[in-house]
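The values are calculated or read from the model by the stated rules, or taken from the named source; none is laboratory data. In this text, all values refer to a predicted model and were calculated from it rather than measured experimentally. Here the Cβ positions follow ideal geometry from the backbone for every residue, glycine too, while neighbour counts run over all protein chains shown. What goes into the accessible areas is simple: the full protein's heavy atoms, side chains included, and nothing from ligands, DNA or RNA. Shrake-Rupley method; radii C 1.70, N 1.55, O 1.52, S 1.80 Å.
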Amino acid sequence: MTHALELKDVWLTFPTAEGPLDVLKGVSLAVEPGGSVAIVGPSGSGKSSLISVAAGLEKPSRGEVSLLGERIESLGEDQLARLRRGRVSMVFQSFHLLETMTAFDNVRTPLEIAGLDRVSARANDWLDRVGLSRRRLHYPGQLSGGERQRVAVARALSSDPALVFADEPTGNLDAESGRGVADLLFDLTNEGSTTLVIVTHDDELAARAARIVHMRDGRIV
C-alpha cells in the first residue's frame, strides 16, 4: 500500500550565530491513506516544522519525504504546486483567508485555480455544510474567529483532498468554537478517504485521532 505521507530519517537544520540548530533530528513517520494522526508535544519540539516539511513548504536538510507516493524533497515550487493542487489542503491557526474576498470567494477561488468542476456549487455546498450559507457574502473582517476557521475548513475540504494538514486549527478559538471546528475536521474527513494530519496542544482534540505521535526536542518519542 502506498502511504499518504512518509518521512524517512528527516533532518531540518538552520544556521545560527551560535552554530547549526537542528530542529528535526532524524524523524521517520508513515501515515496510511484515510487515517487520522495527531502530532503532540511541548512548544519548540518541532511539530510545526514537521508539518511544513511534510507538506513541502520547507525543504529538509536531509532525508526523504514522500507525499501521496511521490518523493518531494527535490521538487521545485511549480512541481510541488502541481502535486498539491486539489489533492493536499492545509488549515492554519491564523486562518490565512484573503481579507478582500467574501467567504464564498475564499472557498471558490482555490477550486477554480485547481481546475476542478462545479466550483460555485462546491463552494456553496461546503459553506452550507459548515453552517455559513447565510454568511457566504460576508468578508473575513465581518466574521468571528470560529466562523473564519469554518470558512478555512470549508476551503480545505471542498476539493475532496486526499490529505489535509491542520496546524493548531483550534489554537485561536474559544472552547465551543474549537469543538465545532474539530467536529468538522474529523466528521467530514471520516466520510471519505481523506487523511488528516493534525498538530495540536489540545489533549481532547488529539484523543479524537486514530493515532497520536509524540514529539520532543525534534524527535518522535
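Look at the dipole of the chain built from charges on Cβ: of Leu7, Leu184, Leu116, the Cα furthest out on the positive end belongs to Leu116.
List the GluC sites (Glu not before Pro) within the range 151-205 that fall in a DSSP loop (any state other than H, G, I, E or B) and whose Cβ has at most 11 other Cβ atoms within 10 Å.
Numbers: sites: Glu176, Glu191, Glu204; in loops: Glu191.
Of the GluC sites (Glu not before Pro), the ones in loops of the range 151-205 whose Cβ has at most 11 other Cβ atoms within 10 Å are Glu191.
For Leu5, the residues whose amide H sits under 5 Å from its own are Val31, Leu68, ignoring neighbours fewer than 5 places away on the same chain, with H placed 1.01 Å from N. Here the dipole of the range 1-130 is about 160 debye; that uses its Cα centre as origin and unit charges on the Cβ of Lys and Arg (positive) and Asp and Glu (negative).
Approximating the spin labels as points 7 Å out from Cα along Cα→Cβ, the Glu32-to-His96 distance works out to 2.9 nm. Partner aspartates and glutamates whose Cα lies under 12 Å from the Cα of Lys8, excluding those fewer than 8 positions away in the same chain, are identified as Glu64, Glu73. Rounded to the nearest 5, the antiparallel percentage of DSSP beta bridges internal to the chain is 45%. For the chain, which whole-number percentage of the solvent-accessible area (1.4 Å probe, protein heavy atoms only) is attributable to carbon and sulfur atoms? Of all accessible area on the chain, carbon and sulfur atoms account for 46 percent.
Looking at the chain, the accessible area is 48 square angstrom per residue; that uses a 1.4 Å probe and ignores ligands, DNA and RNA. For His96, the accessible surface of its heavy atoms amounts to roughly 100 Å² (probe 1.4 Å, protein chains only, rounded to the nearest 10).
With n ≥ 4 as the cut-off for DSSP H runs, can you work out [θ] at 222 nm for the chain, using -39500 (n - 2.57) per run divided by the number of residues, rounded to the nearest 500? Don't jump to the answer; show the numbers that get you there.
Numbers: 7 runs with 71 residues, N = 221.
Helix-only estimate at 222 nm: -9500 deg cm²/dmol.
When the alpha carbon gyration tensor of the chain is reduced to an equivalent ellipsoid, the three semi-axes, largest first, read 29, 19, 17 Å.
Put a plus charge on the Cβ of each Lys and Arg, a minus charge on the Cβ of each Asp and Glu, and nothing anywhere else: the dipole of the range 91-221 about its Cα centre is then about 200 debye.
Charge dipole (Cα centre; +1 on Lys/Arg Cβ, -1 on Asp/Glu Cβ; no other charges) of the range 100-162 amounts to roughly 200 debye.
Cα extents for the range 14-126 along the principal axes, largest to smallest and rounded to whole angstrom: 51, 30, 28. Which residues' amide hydrogens lie under 5 Å from the amide hydrogen of Met215, considering only partners 5 or more residues apart or on another chain, with H built in the peptide plane? Counting only residues 5 or more places away or on other chains, the set is Val40, Gly41, Val221.
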